[in-house]
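Chemist: My questions all concern the structure below.
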Amino acid sequence: MGNFKMAGDWDMQTKSIRNQHPRLTTLDLRFEDGKEKELIMRMGMRLNKNTADIINILKRHQP
């Protein structure tokens, strides 16, 4: 997973991510500090994408 860290306003990012990926639920996008791995795993399972793809999605929505 590398050294990926969340940055910026997660609520704003969540809205943007859900606009592009409406299959994601509020629970899929639940995030707690230091638990990026769990978020990435949930998103990957819901979208049927690998870790690198999910990290790219997250990075595109960061400030």
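The values are calculated or read from the model by the stated rules, or taken from the named source; none is laboratory data. These figures come from a predicted structure and were not determined experimentally. Quick reminder, even Gly has a Cβ in these numbers, built from the backbone with ideal geometry, and neighbours come from all protein chains shown. Ligands, DNA and RNA are excluded from the accessible area calculation, which covers all protein heavy atoms including side chains. Shrake-Rupley method; radii C 1.70, N 1.55, O 1.52, S 1.80 Å.
Chemist: Does residue 4 qualify as being open to solvent by less than 60 Å² (accessible area, probe 1.4 Å), in contact (Cβ under 8 Å) with a residue 40 or more places away in the chain and either touching an Asp or Glu at 6+ places or on another chain (Cβ under 9 Å) or not in a loop (DSSP other than H, G, I, E, B) (or both)? Can you show your working first?
Modeler: Details: open to solvent by less than 60 Å² (accessible area, probe 1.4 Å): yes; in contact (Cβ under 8 Å) with a residue 40 or more places away in the chain: yes; either touching an Asp or Glu at 6+ places or on another chain (Cβ under 9 Å) or not in a loop (DSSP other than H, G, I, E, B) (or both): yes.
Against the criterion (open to solvent by less than 60 Å² (accessible area, probe 1.4 Å), in contact (Cβ under 8 Å) with a residue 40 or more places away in the chain and either touching an Asp or Glu at 6+ places or on another chain (Cβ under 9 Å) or not in a loop (DSSP other than H, G, I, E, B) (or both)), residue 4 qualifies.
Chemist: While we're here: Hey, could you check the range 21-39 for residues that are over 10 Å from the mean Cα position of the chain (by Cα) and of a type in the set (Lys, Arg) and say which is modelled with the highest pLDDT?
Modeler: Per the criteria, the residue is 23.
Chemist: Looking at the range 55-63, is at least one residue β-branched (Val, Ile, Thr) and in contact with a His (Cβ under 6 Å, 6 or more places away or on another chain)?
Modeler: Within the range 55-63 (the criterion being β-branched (Val, Ile, Thr) and in contact with a His (Cβ under 6 Å, 6 or more places away or on another chain)), the answer is no, since none of the residues qualifies.
Chemist: Could you run through the range 7-45 and say how many residues are in a loop (DSSP other than H, G, I, E, B), open to solvent by 80 Å² or more (accessible area, probe 1.4 Å) and among the charged types (D, E, K, R)?
Modeler: The qualifying residues number 6.
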